[in-house]
Amino acid sequence: MSQTNDPALHRKGLLITAIGGLALSFDIPLIRSAHGEVWSVLATRSIATFLTALAAWAVIRFALGKRVTLIPGPVGVLAGILYGVVSLTYMLAVFNTTTANVVFILAFTSMFAAILSWIFLGERPSNATFATMAAMVAGVALIVQDGLASGNIFGDAMAACTAFLLASAITLSRKSGRDMGFVPLITAIFPGIAALILLPDTGFQVASPGFILFNGLIMIPLAFWCLATGPRYLSAPEVGMFYLLETVLAPIWVWIAFAETPTTQTLIGGSILILALLAHSFWQMRSKARAARESNAAAEFPFTG
(Lines give C-alpha, C1' and ligand atoms only; values in the text may rest on other atoms or scores of the structure.)
Protein backbone atom coordinates (compact mmCIF):
# COMPACT_ATOMS: atom_id res chain seq x y z
CA MET A 1 0.00 0.00 0.00
CA SER A 2 1.39 3.41 -0.93
CA GLN A 3 1.74 6.01 1.73
CA THR A 4 -1.05 8.20 0.39
CA ASN A 5 -3.45 5.23 0.36
CA ASP A 6 -2.80 4.49 4.03
CA PRO A 7 -5.44 6.41 6.03
CA ALA A 8 -3.22 6.62 9.13
CA LEU A 9 -0.32 8.09 7.15
CA HIS A 10 -2.72 10.38 5.33
CA ARG A 11 -4.01 11.73 8.65
CA LYS A 12 -0.42 12.19 9.80
CA GLY A 13 0.33 14.13 6.63
CA LEU A 14 -2.74 16.31 7.14
CA LEU A 15 -1.68 17.15 10.71
CA ILE A 16 1.95 17.90 9.79
CA THR A 17 0.98 20.05 6.81
CA ALA A 18 -1.74 21.90 8.75
CA ILE A 19 0.83 22.85 11.42
CA GLY A 20 3.11 24.10 8.65
CA GLY A 21 0.37 26.19 7.07
CA LEU A 22 -0.57 27.67 10.45
CA ALA A 23 3.02 28.63 11.24
CA LEU A 24 3.43 30.16 7.78
CA SER A 25 0.39 32.37 8.34
CA PHE A 26 2.41 34.44 10.85
CA ASP A 27 5.14 35.23 8.32
CA ILE A 28 3.79 38.44 6.78
CA PRO A 29 2.60 39.94 10.11
CA LEU A 30 6.05 39.29 11.64
CA ILE A 31 7.81 40.77 8.60
CA ARG A 32 5.64 43.87 8.84
CA SER A 33 6.18 44.13 12.59
CA ALA A 34 9.97 44.25 12.09
CA HIS A 35 9.70 47.56 10.16
CA GLY A 36 12.81 46.92 8.12
CA GLU A 37 14.31 47.34 4.67
CA VAL A 38 13.71 44.42 2.31
CA TRP A 39 17.28 43.05 2.04
CA SER A 40 17.95 43.50 5.76
CA VAL A 41 14.81 41.58 6.62
CA LEU A 42 15.54 38.81 4.11
CA ALA A 43 19.15 38.40 5.30
CA THR A 44 18.13 38.21 8.97
CA ARG A 45 15.22 35.83 8.31
CA SER A 46 17.19 33.51 6.01
CA ILE A 47 20.39 33.27 8.07
CA ALA A 48 18.40 32.69 11.26
CA THR A 49 16.52 29.87 9.53
CA PHE A 50 19.78 28.32 8.32
CA LEU A 51 21.28 28.43 11.84
CA THR A 52 18.19 26.81 13.33
CA ALA A 53 18.40 24.01 10.74
CA LEU A 54 22.05 23.36 11.56
CA ALA A 55 21.31 23.28 15.29
CA ALA A 56 18.39 20.87 14.80
CA TRP A 57 20.47 18.61 12.56
CA ALA A 58 23.32 18.56 15.11
CA VAL A 59 20.95 17.57 17.92
CA ILE A 60 19.39 14.79 15.83
CA ARG A 61 22.74 13.55 14.54
CA PHE A 62 24.93 13.73 17.64
CA ALA A 63 22.58 13.82 20.64
CA LEU A 64 20.01 11.32 19.33
CA GLY A 65 22.42 9.34 17.14
CA LYS A 66 20.17 9.37 14.08
CA ARG A 67 21.48 9.89 10.57
CA VAL A 68 19.56 12.61 8.76
CA THR A 69 20.36 13.68 5.22
CA LEU A 70 20.35 17.43 4.84
CA ILE A 71 20.06 17.43 1.04
CA PRO A 72 19.10 14.05 -0.51
CA GLY A 73 21.14 13.96 -3.71
CA PRO A 74 20.67 15.89 -6.96
CA VAL A 75 16.89 16.04 -6.55
CA GLY A 76 17.41 17.68 -3.17
CA VAL A 77 19.77 20.23 -4.71
CA LEU A 78 17.18 21.10 -7.36
CA ALA A 79 14.42 21.41 -4.77
CA GLY A 80 16.75 23.56 -2.66
CA ILE A 81 17.37 25.92 -5.57
CA LEU A 82 13.62 26.28 -6.03
CA TYR A 83 13.04 26.99 -2.33
CA GLY A 84 15.93 29.47 -2.31
CA VAL A 85 14.50 31.44 -5.22
CA VAL A 86 11.08 31.29 -3.56
CA SER A 87 12.49 33.16 -0.54
CA LEU A 88 13.73 35.93 -2.82
CA THR A 89 10.57 36.30 -4.91
CA TYR A 90 8.31 36.06 -1.86
CA MET A 91 10.11 38.85 0.02
CA LEU A 92 10.08 41.04 -3.09
CA ALA A 93 6.33 40.43 -3.39
CA VAL A 94 5.68 41.33 0.26
CA PHE A 95 7.58 44.63 -0.11
CA ASN A 96 6.21 45.59 -3.53
CA THR A 97 2.48 44.90 -3.39
CA THR A 98 -0.31 44.68 -0.85
CA THR A 99 -0.62 41.80 1.59
CA ALA A 100 -4.01 40.96 0.06
CA ASN A 101 -2.50 40.66 -3.40
CA VAL A 102 0.33 38.45 -2.15
CA VAL A 103 -1.93 35.94 -0.41
CA PHE A 104 -4.44 35.99 -3.28
CA ILE A 105 -1.85 35.13 -5.90
CA LEU A 106 -0.23 32.53 -3.64
CA ALA A 107 -3.60 30.79 -3.55
CA PHE A 108 -2.77 29.55 -7.05
CA THR A 109 -0.04 27.33 -5.56
CA SER A 110 -2.50 24.45 -5.26
CA MET A 111 -3.70 24.95 -8.83
CA PHE A 112 -0.15 25.01 -10.17
CA ALA A 113 0.65 21.91 -8.09
CA ALA A 114 -2.37 20.07 -9.46
CA ILE A 115 -1.43 20.93 -13.04
CA LEU A 116 2.26 20.01 -12.59
CA SER A 117 1.37 16.73 -10.87
CA TRP A 118 -1.02 15.90 -13.68
CA ILE A 119 1.66 16.62 -16.31
CA PHE A 120 4.74 15.10 -14.66
CA LEU A 121 3.36 12.52 -12.23
CA GLY A 122 0.25 11.40 -14.05
CA GLU A 123 -1.84 12.23 -10.96
CA ARG A 124 -5.08 13.51 -12.39
CA PRO A 125 -6.85 15.58 -9.72
CA SER A 126 -10.17 14.17 -8.62
CA ASN A 127 -13.38 16.00 -9.38
CA ALA A 128 -13.60 16.81 -5.66
CA THR A 129 -10.15 18.45 -5.78
CA PHE A 130 -11.16 20.51 -8.81
CA ALA A 131 -14.35 21.60 -7.04
CA THR A 132 -12.42 22.45 -3.88
CA MET A 133 -9.89 24.55 -5.78
CA ALA A 134 -12.70 26.40 -7.55
CA ALA A 135 -14.34 27.17 -4.20
CA MET A 136 -11.01 28.37 -2.81
CA VAL A 137 -10.38 30.69 -5.74
CA ALA A 138 -13.90 32.09 -5.33
CA GLY A 139 -13.29 32.65 -1.62
CA VAL A 140 -9.97 34.41 -2.17
CA ALA A 141 -11.51 36.53 -4.93
CA LEU A 142 -14.05 37.81 -2.43
CA ILE A 143 -11.30 38.66 0.06
CA VAL A 144 -9.27 40.83 -2.30
CA GLN A 145 -11.83 41.99 -4.85
CA ASP A 146 -11.37 45.65 -3.96
CA GLY A 147 -7.60 45.48 -3.56
CA LEU A 148 -6.43 44.09 -6.89
CA ALA A 149 -6.40 47.41 -8.73
CA SER A 150 -4.00 48.99 -6.21
CA GLY A 151 -1.30 46.29 -6.42
CA ASN A 152 2.09 46.97 -7.92
CA ILE A 153 2.65 44.94 -11.09
CA PHE A 154 6.21 43.95 -10.13
CA GLY A 155 5.11 42.71 -6.72
CA ASP A 156 2.21 40.80 -8.26
CA ALA A 157 4.59 39.19 -10.76
CA MET A 158 6.92 38.16 -7.92
CA ALA A 159 3.99 36.62 -6.06
CA ALA A 160 3.02 34.66 -9.18
CA CYS A 161 6.60 33.41 -9.52
CA THR A 162 6.53 32.36 -5.87
CA ALA A 163 3.35 30.34 -6.35
CA PHE A 164 4.70 28.55 -9.43
CA LEU A 165 8.14 27.81 -7.93
CA LEU A 166 6.57 26.61 -4.70
CA ALA A 167 4.27 24.26 -6.61
CA SER A 168 7.28 23.01 -8.57
CA ALA A 169 9.20 22.26 -5.37
CA ILE A 170 6.21 20.43 -3.89
CA THR A 171 5.75 18.36 -7.04
CA LEU A 172 9.46 17.51 -7.18
CA SER A 173 9.41 16.41 -3.53
CA ARG A 174 6.35 14.30 -4.20
CA LYS A 175 7.96 12.62 -7.20
CA SER A 176 11.20 11.82 -5.39
CA GLY A 177 9.58 10.44 -2.24
CA ARG A 178 12.70 11.56 -0.37
CA ASP A 179 12.79 13.28 3.01
CA MET A 180 12.99 16.99 2.09
CA GLY A 181 12.35 18.35 5.58
CA PHE A 182 15.74 20.06 5.90
CA VAL A 183 16.13 21.17 2.27
CA PRO A 184 14.30 24.54 2.36
CA LEU A 185 15.92 25.32 5.73
CA ILE A 186 19.53 24.60 4.78
CA THR A 187 19.29 26.28 1.38
CA ALA A 188 17.94 29.44 3.06
CA ILE A 189 21.62 30.41 3.36
CA PHE A 190 21.71 31.24 -0.37
CA PRO A 191 19.03 33.97 -0.38
CA GLY A 192 20.58 35.12 2.90
CA ILE A 193 23.98 35.60 1.23
CA ALA A 194 22.36 37.28 -1.77
CA ALA A 195 20.55 39.69 0.58
CA LEU A 196 23.82 40.52 2.38
CA ILE A 197 25.40 41.42 -0.95
CA LEU A 198 22.42 43.65 -1.83
CA LEU A 199 22.30 45.49 1.52
CA PRO A 200 22.17 49.29 1.19
CA ASP A 201 25.26 51.34 2.00
CA THR A 202 23.76 52.23 5.37
CA GLY A 203 23.85 48.55 6.40
CA PHE A 204 21.11 46.72 8.32
CA GLN A 205 17.88 48.66 8.66
CA VAL A 206 15.49 46.75 10.95
CA ALA A 207 13.71 48.79 13.62
CA SER A 208 12.43 45.78 15.61
CA PRO A 209 14.77 42.85 14.89
CA GLY A 210 13.18 40.64 17.57
CA PHE A 211 10.16 39.98 15.37
CA ILE A 212 12.15 38.86 12.35
CA LEU A 213 14.54 36.81 14.48
CA PHE A 214 11.58 34.99 16.06
CA ASN A 215 10.25 34.44 12.55
CA GLY A 216 13.53 33.10 11.20
CA LEU A 217 14.56 31.04 14.21
CA ILE A 218 11.23 29.38 15.01
CA MET A 219 8.23 30.02 12.77
CA ILE A 220 9.79 29.66 9.31
CA PRO A 221 11.81 26.50 10.16
CA LEU A 222 8.67 24.92 11.62
CA ALA A 223 6.54 25.93 8.63
CA PHE A 224 9.03 24.90 5.94
CA TRP A 225 9.92 21.59 7.60
CA CYS A 226 6.26 20.61 7.94
CA LEU A 227 5.29 21.74 4.44
CA ALA A 228 8.35 20.07 2.88
CA THR A 229 7.60 16.82 4.75
CA GLY A 230 3.92 16.81 3.75
CA PRO A 231 4.47 15.49 0.17
CA ARG A 232 5.68 12.18 1.66
CA TYR A 233 2.11 11.50 2.79
CA LEU A 234 -0.15 13.73 0.68
CA SER A 235 -0.56 14.54 -2.98
CA ALA A 236 1.01 17.77 -4.23
CA PRO A 237 -2.36 19.55 -4.70
CA GLU A 238 -3.35 18.66 -1.12
CA VAL A 239 -0.11 20.10 0.24
CA GLY A 240 -0.53 23.18 -1.91
CA MET A 241 -3.97 23.81 -0.49
CA PHE A 242 -2.56 24.03 3.04
CA TYR A 243 -0.52 27.02 1.94
CA LEU A 244 -3.93 28.70 1.67
CA LEU A 245 -4.13 28.81 5.46
CA GLU A 246 -1.89 31.87 5.14
CA THR A 247 -4.47 33.42 2.83
CA VAL A 248 -7.19 32.94 5.44
CA LEU A 249 -5.30 33.66 8.64
CA ALA A 250 -2.75 36.35 7.73
CA PRO A 251 -5.48 39.03 7.38
CA ILE A 252 -6.80 38.01 10.81
CA TRP A 253 -3.37 38.36 12.45
CA VAL A 254 -2.88 41.72 10.69
CA TRP A 255 -6.29 42.79 11.99
CA ILE A 256 -5.27 41.88 15.55
CA ALA A 257 -1.78 43.41 15.36
CA PHE A 258 -2.43 46.49 13.23
CA ALA A 259 -6.17 47.10 13.81
CA GLU A 260 -6.97 46.59 10.11
CA THR A 261 -10.56 45.42 10.38
CA PRO A 262 -11.49 42.81 7.75
CA THR A 263 -14.49 43.63 5.61
CA THR A 264 -17.60 41.50 5.49
CA GLN A 265 -16.41 40.13 2.14
CA THR A 266 -13.10 39.08 3.72
CA LEU A 267 -14.91 37.20 6.47
CA ILE A 268 -17.24 35.50 3.98
CA GLY A 269 -14.34 34.58 1.67
CA GLY A 270 -12.31 33.22 4.57
CA SER A 271 -15.25 31.11 5.71
CA ILE A 272 -15.59 29.67 2.20
CA LEU A 273 -11.88 28.77 2.14
CA ILE A 274 -11.91 27.14 5.56
CA LEU A 275 -15.07 25.14 4.84
CA ALA A 276 -13.77 24.01 1.44
CA LEU A 277 -10.45 22.91 2.92
CA LEU A 278 -12.08 21.05 5.80
CA ALA A 279 -14.64 19.39 3.53
CA HIS A 280 -11.94 18.24 1.12
CA SER A 281 -9.74 16.92 3.93
CA PHE A 282 -12.58 14.94 5.49
CA TRP A 283 -13.60 13.61 2.07
CA GLN A 284 -10.01 12.52 1.42
CA MET A 285 -9.76 10.78 4.79
CA ARG A 286 -13.02 8.89 4.21
CA SER A 287 -11.93 7.93 0.70
CA LYS A 288 -8.56 6.63 1.94
CA ALA A 289 -10.21 4.68 4.74
CA ARG A 290 -12.75 3.14 2.34
CA ALA A 291 -10.03 2.23 -0.15
CA ALA A 292 -7.98 0.63 2.64
CA ARG A 293 -10.96 -1.43 3.82
CA GLU A 294 -11.68 -2.61 0.28
CA SER A 295 -8.01 -3.48 -0.25
CA ASN A 296 -7.87 -5.44 3.01
CA ALA A 297 -11.09 -7.24 2.18
CA ALA A 298 -9.77 -8.19 -1.27
CA ALA A 299 -6.55 -9.48 0.27
CA GLU A 300 -8.43 -11.52 2.87
CA PHE A 301 -10.93 -13.00 0.42
CA PRO A 302 -9.12 -13.00 -2.94
CA PHE A 303 -11.51 -15.41 -4.61
CA THR A 304 -14.77 -13.86 -3.47
CA GLY A 305 -17.11 -12.99 -6.31
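Give me the one-decimal Kirkwood hydrodynamic radius in Å for the range 163-271, with the sum taken over alpha-carbon pairs. Value: 16.4 Å, from the Cα pair sum. Would you kindly calculate the translational diffusion coefficient of the range 1-119, applying Stokes-Einstein with the Kirkwood radius from alpha carbon pairs, for 37 °C and a viscosity of 0.692 mPa s, and quote it in µm² s⁻¹ without decimals? D, rounded to a whole number, is 191 µm²/s. With the convex hull drawn around the C-alpha atoms of the range 1-61, the volume per residue stands at 119 Å³. Treating each Cα of the range 77-188 as an identical point scatterer and summing with the Debye formula, the log10 of I(q)/I(0) at q = 0.11, 0.16, 0.22, 0.23 Å⁻¹ comes to -0.39, -0.78, -1.17, -1.20. At full extension, I218 and A63 could sit 53.8 nm farther apart than now, given 0.36 nm per residue minus the alpha carbon distance.
Considering only A134, I119, L22, whose Cα is most displaced toward the positive end of the charge dipole of the chain, charges sitting on Cβ of Lys, Arg (+1) and Asp, Glu (-1)? Among A134, I119, L22, the one farthest towards the positive end of the dipole of the chain is I119.
Dipole of the chain computed with +1 at Lys/Arg Cβ and -1 at Asp/Glu Cβ about the Cα centre; of F62, A279, L244, farthest Cα towards the positive end is F62.
Note on the chain: GNM, Cα springs under 10 Å; of F182, F224, F282, the largest mean-square fluctuation is that of F282. Modelled spin-label separation between A56 and A160, with each label point placed 7 Å from Cα along the Cα-to-Cβ direction: 3.3 nm. Computed from point charges on the beta carbon alone (+1 for Lys and Arg, -1 for Asp and Glu), the dipole magnitude for the range 1-121 about its Cα centre is near 360 Debye. Counting only protein heavy atoms and a 1.4 Å probe, tell me what percentage of the chain's accessible area is made up of carbon and sulfur. C and S fraction of accessible area: 70 percent.
Taken as entire DSSP H runs, the helices of the chain that both span 24 Å or more between Cα atoms along their own long axis and average 0.5 or more on the Kyte-Doolittle scale are 7-24, 38-58, 73-96, 127-144, 153-176. Amide H to amide H distances under 5 Å link G36 with A207, where only residues 5 or more positions off or on other chains count and H is placed in the peptide plane. With bins 5 Å wide beginning at 0, the percent of Cα pairs of the range 33-91 falling in each bin runs 4, 15, 18, 21, 18, 12, 8, 4, 0.
Looking at the chain, the accessible area is 46 square angstrom per residue; that uses a 1.4 Å probe and ignores ligands, DNA and RNA. Between T264 and A279, the simple spin-label model (points 7 angstrom out along Cα→Cβ) gives 2.2 nm. The convex hull drawn around the Cα atoms of the range 155-198, when projected onto a plane and averaged over every direction, covers 3.7 nm². First obtain the Kirkwood hydrodynamic radius of the chain from its Cα pairs, then insert it into the Stokes-Einstein equation at 37 °C and 0.692 mPa s, and state the resulting D in µm² per second as a whole number. D, rounded to a whole number, is 165 µm²/s. Taking the chain as a Gaussian network of alpha-carbon nodes connected by springs under 10 Å, the highest mean-square fluctuation of the residues V102, V77, V86 belongs to V77. Charges were assigned to the Cβ only: +1 to each Lys and Arg, -1 to each Asp and Glu. The resulting dipole of the chain about its Cα centre is roughly 960 debye.
The values are calculated or read from the model by the stated rules, or taken from the named source; none is laboratory data. Not measured: the values here are computed from a predicted model. Here Cβ is always computed from backbone atoms with ideal geometry, including for glycine, and neighbour counts include all displayed protein chains. Side chains included, ligands, DNA and RNA excluded: accessible areas come from the protein's heavy atoms. Shrake-Rupley method; radii C 1.70, N 1.55, O 1.52, S 1.80 Å.
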